[in-house]
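Q: Would you mind keeping the following structure in view while I ask a few things?
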Amino acid sequence: MTDDRDREHLDIDYYPGAWGPTIRIAAQDRAGLLAFKRVLLEAARTEGYQRDLLSTLNIRAVGIDSLLVKTISSGQDPPMSLRRLPDAKTTAFEWRLSSNNWEVQAELVDGLLAQDLPGHQYLTEEGVDDALIVVAFRES
């Protein structure tokens, strides 16, 4: 028997991509993508939200030890929303956005859900953030 956490599975890989360091968050079914969207919405709706995505969801991670999702005060969004933390022993990132911008991220995920076809969406900016975050839906 399969429980909800099995259906809400995500794969997260950190690797040197074509456009620089990349964190790929991959969902093969709607349940996994919806679970990721719920985290983004929780960050949008919870003042002071701070959770490690890798310990929040059912995730298989390769090349990354931590991805901290953090809500900051509105109007305080830094130009760089994703930064690599300087601990040389681990590969850890902090992703910081205001509530409004977490809502925007959730809306980008909605675009993948609405099409219900294989596709991907970038959630950070090349050349600005320490890595690109790309969420992939039903892509192998």
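The values are calculated or read from the model by the stated rules, or taken from the named source; none is laboratory data. Fair warning: this is a prediction, and the values are worked out from it, not measured in the lab. Backbone-built Cβ (ideal geometry, glycine too); neighbour counts: all protein chains shown.
Q: Within the range 3-15, is there a residue that is at pLDDT 95 or above and surrounded by fewer than 13 Cβ atoms within 10 Å (Cβ to Cβ)?
A: Taking every residue of the range 3-15 in turn, at least one turns out to be at pLDDT 95 or above and surrounded by fewer than 13 Cβ atoms within 10 Å (Cβ to Cβ).
Q: Take the residues in the range 51-72 that are small (G, A, S) and outside any strand (DSSP E or B); name whichever of them is modelled with the lowest pLDDT.
A: As a first pass, look at the range 51-72 and keep what is small (G, A, S): 55, 61, 63, 66.
Checking which are outside any strand (DSSP E or B) leaves us with 55, 63.
On the way: S55: 92, G63: 97.
Of everything passing the filter in the range 51-72, S55 is modelled with the lowest pLDDT.
Q: Looking only at the range 121-138, which residues are surrounded by 15 or more Cβ atoms within 10 Å (Cβ to Cβ) and at negative phi? Give the derivation first.
A: Here is the first cut: in the range 121-138, the residues surrounded by 15 or more Cβ atoms within 10 Å (Cβ to Cβ) are 121, 123-124, 129-138.
Residues satisfying the conditions are Q121, L123, T124, D129, D130, A131, L132, I133, V134, V135, A136, F137.
Q: Considering L97, L57, L34, which residue is under 13 Å from the mean Cα position of the chain (by Cα) and closer than 19 Å to D13 by Cβ? Spell out how you get there, then give the answer.
A: On the way: L97 fails: closer than 19 Å to D13 by Cβ; L34 fails: closer than 19 Å to D13 by Cβ.
Step by step, each of L97, L57, L34 is checked, and only L57 is under 13 Å from the mean Cα position of the chain (by Cα) and closer than 19 Å to D13 by Cβ.
Q: Take the residues of the range 20-49 that are assigned to a helix (DSSP H, G or I) and of a type in the set (G, A, S): which is surrounded by the fewest Cβ atoms within 10 Å (Cβ to Cβ)?
A: If we filter the range 20-49 for residues that are assigned to a helix (DSSP H, G or I), which is where we start, we get 30-45.
Remaining after also requiring of a type in the set (G, A, S): 31-32, 35, 43-44.
On the way: A31: 16, G32: 23, A35: 20, A43: 25, A44: 19.
The selected residue is A31.
Q: With the condition kept exactly as written, say whether any residue in the range 77-85 is buried (at least 16 other Cβ atoms within 10 Å of the Cβ), at pLDDT below 95 and not small (G, A, S).
A: No, the range 77-85 contains no residue that is buried (at least 16 other Cβ atoms within 10 Å of the Cβ), at pLDDT below 95 and not small (G, A, S).
Q: Is there any pair linking a residue in the range 27-52 that is at positive phi and among the acidic types (D, E) to one that is outside any loop (DSSP other than H, G, I, E, B) and surrounded by 17 or more Cβ atoms within 10 Å (Cβ to Cβ), with Cβ under 6 Å and at least six apart or on different chains, and which?
A: Cβ pairs passing all conditions: none.
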